[in-house]
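So the structure is just underneath, and the comments pick up after that.
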């Protein structure tokens with residue numbers, strides 16, 4: 001019998017689900033002859049296809065990740081030959097991330113995988129009680145409204161004043 005993470009250990013469960021999904025997407029890229037391609041590259045590539053060369057700050061904002069995460073991903077993409085860094089002609093202090101010819105040539109394969117993943121996600125969503133993307137969006141919005149740290153601190157205070165755990 002396959003064991004699943006404790007449903008009370010939410011961080012572990014989220015990481016487990018992400019590992020399952022990303023791991024299988026990575027296997028598809030491997031099957032397509034792209035072993036160096038990572039699922040985390042896709043949002044960056046999509047943004048660069050839509051907007052053209054972008055700074056790390058603009059990429060981070062476009063895909064909804066931290067500056068550090070966007071920078072790390074862009075560096076990994078450059079090492080794998082999918083992106084290049086260049087100086088912004090309008091501002092020498094800024095670096096622009098651009099898709100390489102290798103990435104441009106692979107766009108049909110990458111796009112086909114995006115489409116297949118979207119179809120597979122729709123199939124998975126039909127099997128569960130609520131579409132995963134919708135639920136995760138709701139959770140992110142709720143945590144932006146009231147950070148989780150604030151919620152934990154309030155719960156901790158309630159426990160302390162009630163004399164024990166709930």
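The values are calculated or read from the model by the stated rules, or taken from the named source; none is laboratory data. Quantities reported herein were computed from a predicted structural model and do not represent experimental measurements. Counting neighbours? That spans all protein chains shown, and the Cβs are built from the backbone with ideal geometry, glycine included.
Let me confirm something: among 120, 74, which residue is assigned to a helix (DSSP H, G or I), touching a strand residue (DSSP E or B) at 6+ places or on another chain (Cβ under 6 Å), within 25 Å of residue 33 (Cα to Cα) and at pLDDT 95 or above?
74
Yes or no: residue 99 in the same structural domain as residue 31 (by TED's automatic domain parsing) and surrounded by 13 or more Cβ atoms within 10 Å (Cβ to Cβ)?
The answer is yes for residue 99.
Could you tell me whether residue 140 is assigned to a helix (DSSP H, G or I) and within 19 Å of residue 65 (Cβ to Cβ)?
yes
Being under 20 Å from the mean Cα position of the chain (by Cα) and either surrounded by 10 or more Cβ atoms within 10 Å (Cβ to Cβ) or part of a helix (DSSP H, G or I) (or both): is that true of residue 126 here?
When the stated conditions are applied, residue 126 does not pass them.
Could we say that residue 88 is in contact with a strand residue (DSSP E or B) (Cβ under 8 Å, 6 or more places away or on another chain), without any contact (Cβ under 8 Å) to a residue 60 or more places away in the chain, more than 20 Å from residue 112 (Cα to Cα) and exposed (fewer than 15 other Cβ atoms within 10 Å of the Cβ) here?
Yes.
For region 48-79, which residues satisfy the criterion of being farther than 18 Å from residue 100 by Cβ and surrounded by fewer than 14 Cβ atoms within 10 Å (Cβ to Cβ)?
Residues satisfying the conditions are 57, 64, 66, 67, 68.
Out of (1) under 30 Å from residue 134 (Cβ atoms); (2) in a helix (DSSP H, G or I), the odd one out for residue 105 is which?
So the condition that residue 105 fails would be (1).
Scan (1) assigned to a helix (DSSP H, G or I); (2) more than 22 Å from the chain's Cα centre (by Cα); (3) surrounded by 12 or more Cβ atoms within 10 Å (Cβ to Cβ) for the single condition residue 154 breaks and write down its number.
Condition (3) is where residue 154 drops out.
If only one of 43, 39, 108 is in the same structural domain as residue 20 (by TED's automatic domain parsing), surrounded by fewer than 18 Cβ atoms within 10 Å (Cβ to Cβ) and over 19 Å from the mean Cα position of the chain (by Cα), which one is it?
108
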